[in-house]
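K.L.:
Supplied in structure tokens, the structure appears directly below.
The values are calculated or read from the model by the stated rules, or taken from the named source; none is laboratory data. Just so we're clear, the structure is a prediction, and the values are computed from it rather than from any experiment. Counting neighbours? That spans all protein chains shown, and the Cβs are built from the backbone with ideal geometry, glycine included.
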Amino acid sequence: MRPIDRRATPRDGSDEPKGFSKYRHARKDLIDRLGQYCSYCGTRLPASLAVEHVRPKKPNPDLELRWDNFLLACTNCNSTKGDKDVVLDEYFWPDKDNTFRAFVYTEGGLIEVNSDLTDDERELAQSTIDLVGLDRTPANDPAVADRRWKNRDEVWTMAIDARQDLAAQGTETLRKWIVNTATGRGFWSVWMTVFADDQNMRKRLIDAFPGTSKDCFDDECRPVRRPGRAL
Ligand SMILES: [Zn+2]
């Protein structure tokens, strides 16, 4: 899960923090800051991306229009998470934690908790997967209708191919093309995983996806603890 930084409330024409009369009005600003990606699963969705409330608006009407309660989410993540209120400390959040450290992405579009975490961290990471149903596949949920795993699987194969091509002819043009393909398809975490040993590509991926939290990486583009947070 890509760690992101939505930054402070955008400013209006008078340089005042924008007030949103409807939460949907924040969509453009959120996409400008974070790109057209689901904040949880990383799917790129040019059209149907919704403004997501970290703490659902139904049980928290006072948070319905709050910029710091907004993310972007696809239909699958949004509907799985639902309207049930959440206790923030029981999960990892892409806008607060280095969520890239929480999970491991593997072949076949799979995602699991990073076994290097402490017991407590593993519990939070698993709760986060469960909150949005991130690890659903036909193998563990025969009724699964969403294609997040399948899209991840396709991107995984694409990224492996790209890595092989790069090993054969490591040109600047090819590196740019791969980054354009990555931003066009989404699933930043998959690309970062496949290019784990290529610092140059990791740097490009961190820079190319808008709003990636640069505080979450060291000079060699390895994930580090997010400042002020446990993960
Ligand atoms: Zn999603």
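K.L.:
Of all residues in segment 23-35, count the ones that are in contact with a Pro (Cβ under 9 Å, 6 or more places away or on another chain), within 16 Å of the ligand (Cβ to nearest atom) and not hydrophobic (A, V, I, L, M, F, W, C).
P.N.:
1
K.L.:
Have a look at Thr193, Thr171 and point out the one that is farther than 16 Å from Ile4 by Cβ and within 15 Å of the chain's Cα centre (by Cα).
P.N.:
Checking each option against the conditions leaves just Thr193.
K.L.:
If I filter segment 205-216 down to residues being among the hydrophobic types (A, V, I, L, M, F, W, C) and surrounded by fewer than 21 Cβ atoms within 10 Å (Cβ to Cβ), which single residue comes out as nearest to Asp97 (Cα to Cα)?
P.N.:
That would be Ile206.
K.L.:
Which one of these does Phe20 not meet: (1) assigned to a loop (DSSP other than H, G, I, E, B); (2) within 13 Å of the ligand (Cβ to nearest atom)?
P.N.:
(2)
K.L.:
Residue check: is Asp130 within 16 Å of the ligand (Cβ to nearest atom) and modelled with pLDDT under 95?
P.N.:
Judged against the criteria, Asp130 is not a match.
K.L.:
Could I ask something else about it? May I ask you to list pairs of residues, at least six apart or on different chains, whose Cβ atoms are under 6 Å apart, with the first in segment 150-161 being assigned to a helix (DSSP H, G or I) and the second being of a type in the set (Phe, Trp, Tyr) and buried (at least 18 other Cβ atoms within 10 Å of the Cβ)?
P.N.:
Cβ pairs passing all conditions: Arg152/Phe187; Val155/Phe187; Ala159/Trp191.
K.L.:
While we're looking at this one, here's another question. Output the number of residues of segment 162-184 satisfying the condition of being in a helix (DSSP H, G or I) and farther than 20 Å from Asp32 by Cβ.
P.N.:
Summing the residues that are in a helix (DSSP H, G or I) and farther than 20 Å from Asp32 by Cβ in segment 162-184 gives 15.
K.L.:
Taking the stated definitions as given, is Leu88 touching a Ser or Thr at 6+ places or on another chain (Cβ under 9 Å), at pLDDT 95 or above and of a type outside the set (Phe, Trp, Tyr)?
P.N.:
No, not satisfied.
K.L.:
Quick one: how many residues across segment 77-96 are within 17 Å of Ala230 (Cβ to Cβ) and either in contact with a Pro (Cβ under 7 Å, 6 or more places away or on another chain) or within 16 Å of the ligand (Cβ to nearest atom) (or both)?
P.N.:
Of the residues in that region, 5 qualify.
K.L.:
Additional query: Which members of segment 136-152 meet the condition of being out of contact with any Cys (no Cβ under 6 Å at 6 or more places or on another chain), crowded, with 19+ Cβ neighbours inside 10 Å and either closer than 21 Å to Asn114 by Cα or not charged (D, E, K, R) (or both)?
P.N.:
Listed by number, the residues that qualify are Arg136, Trp149, Asn151, Arg152.
K.L.:
Continuing with this model, one more query. If only one of Ala162, Ala167, Ala208 is among the aliphatic types (A, V, I, L, M), modelled with pLDDT of 95 or more and closer than 30 Å to Arg229 by Cβ, which one is it?
P.N.:
Criteria check complete, one pass: Ala208.
K.L.:
Still on this structure, I have one more. In segment 36-76, how many residues are surrounded by 19 or more Cβ atoms within 10 Å (Cβ to Cβ), near the ligand (Cβ under 10 Å from one of its atoms) and not in a strand (DSSP E or B)?
P.N.:
8
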